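Notes follow the structure.
The values are calculated or read from the model by the stated rules, or taken from the named source; none is laboratory data. Only a predicted model underlies this, so the values are computations on that prediction, with no experimental measurement involved. Neighbour counts run over all protein chains shown; Cβ positions are idealised from the backbone, glycine included. The protein model used for the area step is the full one, side chains on, heavy atoms only, and it has no ligands, DNA or RNA in it. Shrake-Rupley method; radii C 1.70, N 1.55, O 1.52, S 1.80 Å.
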Amino acid sequence: MRYQLKQIYCRPWLLLGLSQKLIESHYENNYGGALRRLNAITAQLESLDFAKTPGYVINGLKREELIALNSTLLHELYFASLGGDGKPTKALAEALTRDFGSVDRWRSEFVAMGNALAGGSGWVLLVYVPRDRRLVNQYASDHGQAVAGGIPILALDMYEHAYHIDFGANAKAYVDAFMRNIDCKAVEERYEDASKVEPPRPLVQKEFGDLPGIGVEEVRELLDSGKSVQLIDARPKHSVSRTQDLVEGATWRDPERVQEWMGELSKSEPVVVFCVYGFHVGCRTAIALREAGFDAKYMKGGYSGWKAVGGPVRIRTEP
């Protein structure tokens, strides 16, 4: 199983005090690095014979998996949280007032928690707890304290207090006994409840209707497999001019002159178009090609998404 890159709709030039360079570096290096690390760990785990693998190896990999998975999930939430004016909507303000006393009280606590982490590391999260049907501000000193967004449906306590009276140091016998005593019907019911919780809303670009898109991982697999695909870099000139590398296998074309160069493409082979982030420029170019009879798709995540998954690049030599 491979975890897929999430396309983040964030206009960095609209974010007060956050530069485009900062946002892109954060997305490509930190989020992308966590995703690449997660997939590498997943591949290692899938290759293991757990019956023959030492416990310390399993512990280490599962610990690193938790950290990488949470880093991935939390970064996706972070980017999805940006791009507005910071003013709570009426419904959110009512919920914050209900659970914190006032919006100002919530904001004061949230900001203070962030300031308390200054110079260190960690996360401050606004979390809904279904058990109490309320919002809480959660502190996390690292990525490994819980699976972000997860709803537990089965728990095994491995602290010594859970087994030493009956089993002494024989933890294996305790685990075996636990597994024999699981109420699977109750687990099934909790699974049914948890499965009714909707996942985070996916990015929808309503203005582009049913225009087909393709993920950066899928494009990379197509190229690696040797399948014919015409990969078009449609980033605007001003964007290409400030970078030193280009996507391996891609040809840059000026999106403002699509009507001039589309005749050089083959209609018998699929076309994949990308821009910087995988939104307006790439989509509009793909639409123009489809209207001309090409089998064209836009690449979700664009150039930034390609770099985030570690896609191969080449050094730009042309001026």
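Observations
- The stretch 59-86: number of residues that are open to solvent by less than 40 Å² (accessible area, probe 1.4 Å) and of a type in the set (D, E, K, R): 2
- Residue within the stretch 147-161 that is in a helix (DSSP H, G or I), under 26 Å from the mean Cα position of the chain (by Cα) and surrounded by 15 or more Cβ atoms within 10 Å (Cβ to Cβ) present: no
- Cβ-Cβ contacts under 7 Å between residues 6 or more apart (or on different chains), taken from a first residue in the stretch 284-312 that is open to solvent by 30 Å² or more (accessible area, probe 1.4 Å) to a second residue that is in a loop (DSSP other than H, G, I, E, B), are listed as ILE287/LEU211; GLY293/LYS267; ASP295/PRO270; LYS297/PRO212; LYS300/GLN7; LYS300/GLY278; PRO312/GLU248.
To keep it simple, each residue is scored yes or no on (1) aromatic (Phe, Trp, Tyr); (2) at pLDDT 90 or above; (3) in contact with a helix residue (DSSP H, G or I) (Cβ under 6 Å, 6 or more places away or on another chain).
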position	(1), (2), (3)
LEU45	no, yes, yes
ALA51	no, yes, no
PRO54	no, yes, no
ASN70	no, yes, no
SER81	no, no, no
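- Any hit, the stretch 18-29, residues being closer than 26 Å to GLN145 by Cβ, among the aromatic types (Phe, Trp, Tyr), part of a helix (DSSP H, G or I) and at pLDDT 95 or above: no
- Filter result (among the hydrophobic types (A, V, I, L, M, F, W, C), within 21 Å of GLU76 (Cα to Cα) and modelled with pLDDT under 85) within the stretch 177-210: LEU203, VAL204
- Qualifying residues in the stretch 207-250 (those that are in contact with an Asp or Glu (Cβ under 8 Å, 6 or more places away or on another chain) and open to solvent by 50 Å² or more (accessible area, probe 1.4 Å)) - the one nearest to THR317 (Cα to Cα): LYS237
- Boolean, THR89 is of a type in the set (Ser, Thr, Tyr), without any contact (Cβ under 8 Å) to a residue 40 or more places away in the chain, open to solvent by 70 Å² or more (accessible area, probe 1.4 Å) and more than 28 Å from GLU28 (Cβ to Cβ): yes
- Matching residues, the stretch 211-239, being part of a helix (DSSP H, G or I) and hydrophobic (A, V, I, L, M, F, W, C): VAL216, VAL219, LEU222, LEU223
- The stretch 44-58: number of residues that are surrounded by 10 or more Cβ atoms within 10 Å (Cβ to Cβ) and under 24 Å from the mean Cα position of the chain (by Cα): 2
- A search for C-beta distances below 8 Å between a residue of the stretch 59-80 that is without any contact (Cβ under 8 Å) to a residue 40 or more places away in the chain and farther than 19 Å from GLN138 by Cβ and any residue that is in a helix (DSSP H, G or I) and open to solvent by less than 60 Å² (accessible area, probe 1.4 Å), counting only pairs 6+ apart in sequence or on different chains, returns LEU61/ILE41; LEU61/LEU45; LYS62/LEU45; GLU64/ILE41; GLU65/LEU38; GLU65/ILE41; GLU65/THR42; GLU65/LEU45.
- Residue match in the stretch 104-121 (condition: open to solvent by less than 80 Å² (accessible area, probe 1.4 Å) and on the phi > 0 side of the Ramachandran plot): no
- Tally, over the stretch 189-210, of residues that are touching a strand residue (DSSP E or B) at 6+ places or on another chain (Cβ under 9 Å), closer than 27 Å to GLU269 by Cα and assigned to a loop (DSSP other than H, G, I, E, B): 1
- Within the stretch 181-201, residues that are under 22 Å from TYR128 (Cα atoms) have Cβ atoms under 8 Å from residues that are of a type in the set (Gly, Ala, Ser) and in a helix (DSSP H, G or I) in these pairs: PRO200/ALA80, counting only partners at least 6 apart in sequence or on another chain.
- Top-ranked residue in the stretch 62-101 [being in a loop (DSSP other than H, G, I, E, B) and within 24 Å of the chain's Cα centre (by Cα); ranked as nearest to PHE50 (Cα to Cα)]: SER81
- Put simply, of ALA186, ALA171, ALA140 the only residue that is open to solvent by less than 100 Å² (accessible area, probe 1.4 Å) and under 28 Å from the mean Cα position of the chain (by Cα) is ALA140.
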